[in-house]
Amino acid sequence: MTTRWWQYVETNLRNRGLKTGDLTRVTGVDRSRISEWRRGKGVSLETARAVARLFEASPLEAWVAAELITDDEARLQRTRPDPADLTDQELIAELTRRLGRARD
């Protein structure tokens, strides 16, 4: 039974010219664990993060592949805007709104 996680690992190894030995060496994951992945066993959050680092991929991408989070959860946005992303006018409007609320 090939899982989404194993497909992710196998595809990224192949695309990057890596072997499972590279995966073991860089992430510290035991070869027996990799064999378990082939047979459909799951992976921990931290291990998926380490594998993503090896593949130079987003941890979110790895967590979705490992089915630790859903695609929808990976797409969640911050609820507060990052001030660096606001225009000057938007920043002034936000500050004015907050100052008005603080006076109430």
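The values are calculated or read from the model by the stated rules, or taken from the named source; none is laboratory data. Here the structure is a predicted model, which is why all the values come from computation and not from measurement. No Cβ is skipped: glycine too gets one built from the backbone with ideal geometry, and neighbour counts run over all protein chains shown. Quick note on the areas: whole protein, heavy atoms, side chains included, nothing else; ligands and nucleic acids left out. Shrake-Rupley method; radii C 1.70, N 1.55, O 1.52, S 1.80 Å.
For segment 19-104, GluC sites (Glu not before Pro) are listed when DSSP marks them as loop and at most 10 other Cβ atoms sit within 10 Å of their Cβ; the list is Glu56. Report Rg/Rh for segment 1-57, rounded to two decimals, where Rg is the Cα radius of gyration and Rh the Kirkwood radius. When Rh is taken as the Kirkwood radius, the ratio is 0.91. A 1.4 Å probe run over the protein chains yields, for the chain, 73 Å² of accessible area per residue, whole-number rounding.
Rounded to the nearest 500, the helix-only mean residue ellipticity at 222 nm of the chain stands at -18000 deg cm²/dmol, with each DSSP H run of n ≥ 4 adding -39,500 (n - 2.57).
Taking other residues whose beta carbon is less than 12 angstrom from the beta carbon of Glu90, and scoring Lys, Arg as +1 and Asp, Glu as -1, yields -3. Of the solvent-accessible surface of segment 32-93, computed with a 1.4 Å probe over protein heavy atoms with every protein chain present, carbon and sulfur atoms account for 50 percent. Contact order, relative form, for the chain: 25 percent (alpha carbon pairs under 8 Å, 6 or more residues apart, mean separation divided by residue count). Note on the chain: GNM, Cα springs under 10 Å; of Gly40, Gly28, Gly17, the largest mean-square fluctuation is that of Gly17.
Under a Cβ-Cβ cut-off of 15 Å, what is the net charge of the residues other than Arg25 that fall near it, where Lys and Arg count +1 and Asp and Glu count -1? Kindly include the intermediate steps, with their values, before the conclusion.
Numbers: positive: Arg16, Lys19, Arg31, Arg33, Arg53; negative: Asp22, Asp30.
Local charge sum for Arg25: +3.
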